[in-house]
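Asks: Quick one: structure below, then a few questions.
The values are calculated or read from the model by the stated rules, or taken from the named source; none is laboratory data. Nothing here was measured: the structure is a model prediction, and the numbers come from that model. All Cβ positions, glycine included, derive from the backbone under ideal geometry; neighbour counts span all protein chains shown. The accessibility values were calculated without ligands, DNA or RNA, using every heavy atom of the protein model including side chains. Shrake-Rupley method; radii C 1.70, N 1.55, O 1.52, S 1.80 Å.
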Amino acid sequence: MSVLVVGSTALDSIKTPKAENPRLLGGSASHAAVAASFFAPVKLVGIVGDDFPAKYLRLYERHGVDLAGLQRAAGSTFHWAGEYEVNMNNRRTLKTELGVFETFQPELPASYRQTPFVLLANIAPALQHHVLDQMRRPRFVVADTMDLWLNIALADLLRLLKRVDALVLNDHEARQLTKEDNVIAAARKIHRLGPRFVIVKKGEHGSLLSGPQGLFLCPAYPLEKVVDPTGAGDSFVGGLVGYLAAARGNLEANLRRAMLYGSVTASFCCEGFGLSRTDKTRREEIEARVARLRAMAAL
Ligand code: AMP
């Protein structure tokens, strides 16, 4: 089954202690769409400006991503710039230039409206609502978010939580949303706000799923060298939803396995700047790392 991904489609300028790379393909939807495409057909909803390089359109196409919902407008593509500290965990946003995103209204082509799996990747909650308003009874909806929306669009986000099956957020965001220091207590409170499933990401320390059948812990795939973690969270959720869309059988059991696939897909993202390593990844490499991750976590 296919996956609809809506989110930011961006040019990212990324600085790490070792290198600086301007105007890479980035954005929550770009990372999530390519990650999901390893498992299921993907339909992308986003907007790019007239400065968007053709080679990045070709990258989406190489991964079979349906671009019928990608709007092209006069003006500049959303541009984000960030800088990492030596530990590669702490990141500072240097620039957020909205460009064509400022007036973006996601309009879904008719061919998108019945997509069974919907991934609302990180973007303003009002736009996530607008996409859901156009969908015809999707089977499973996952929303991602970021601290910015907790700060400036909390009411929209709280309303969104009533409309989604799963919320994905990081541990800091979970604390900010619930005012709970303990991540389990935070997940419990988030369930009360709406979603049946809550997934809390803890960076290199893995992730946690809370659902009707209880908790599931997923390790991060251990990497000796991280080149650029930008988009790891988006790749995690993209890989997760892609795997889920392709799986048959019990939803929650599949979701647990999907966490492993998300985790491994994110590990490839961290090994190159922007989407460069993900672009070259093969499905067999993902399977091999999932097998290794299982072996490392088993007693
Ligand atoms: P992550 O590393 O998973 O947090 O995601 C990083 C990606 O989020 C980058 O590729 C950025 O282009 C994108 N991004 C940064 N700020 C925003 C924002 N305000 N809205 C949507 N996407 C953003």
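Asks: Once label points are set 7 Å from the Cα along Cα→Cβ at both residue 137 and residue 156, what is their separation, rounded to one decimal in nm?
Replies: Going from the residue 137 label point to the residue 156 one covers 2.9 nm.
Asks: Also, I was wondering about something else. Do any trypsin sites (Lys or Arg not before Pro) in segment 193-282 lie in a loop, going by DSSP, with at most 11 other beta-carbon atoms within 10 Å of their beta carbon, and if so which?
Replies: 225, 248, 282
Asks: Rounded, prolate or oblate: which one fits segment 150-264, using the alpha carbon gyration tensor with axes a ≥ b ≥ c (rounded when a/c is under 1.5, else prolate when a/b beats b/c, else oblate)?
Replies: Note, shape of segment 150-264 comes out oblate.
Asks: Quick one: dipole size for the chain, taken about the Cα centre, charges +1 on Lys/Arg Cβ and -1 on Asp/Glu Cβ, in debye to the nearest 20.
Replies: 880 debye
Asks: Using the charge dipole of the chain (Lys, Arg: +1 at Cβ; Asp, Glu: -1 at Cβ; taken about the Cα centre), state which of 158, 190, 34 has its Cα farthest towards the positive end.
Replies: Looking along the dipole axis, the top candidate is 190.
Asks: Next up: Heavy-atom accessible area of residue 61 with all protein chains present, probe 1.4 Å, nearest 10 Å²?
Replies: 110 Å²
Asks: Still on this model: Counting helices only, and only those DSSP H runs with n ≥ 4, report the 222 nm mean residue ellipticity of the chain as the sum of -39,500 (n - 2.57) divided by its residues, in deg cm²/dmol to the nearest 500.
Replies: It comes out at -11500 deg cm²/dmol, rounded to the nearest 500.
Asks: Which of these, 249, 206, 99, has the largest mean-square fluctuation under a Gaussian network model of the chain (Cα springs below 10 Å)?
Replies: Fluctuation is largest for 249.
Asks: Give me the tail of P(r) for the chain as a percent: Cα-Cα pairs with distance above 25 Å.
Replies: So the portion of pairs separated by more than 25 Å is 43 percent.
Asks: Let me ask something else about it. Among the listed pairs 162/201; 15/280; 55/225, give every one whose C-alpha distance is greater than 24 Å.
Replies: Where the Cα-Cα span goes over 24 Å, the pairs concerned are 55/225.
Asks: Once both labels are modelled 7 Å past Cα along the beta-carbon direction, what's the residue 292-residue 96 spacing in nm?
Replies: 3.5 nm
Asks: Leaving out ligands and nucleic acids, and using a 1.4 Å probe, what accessible area per residue does segment 61-168 come to in Å²?
Replies: 50 Å²
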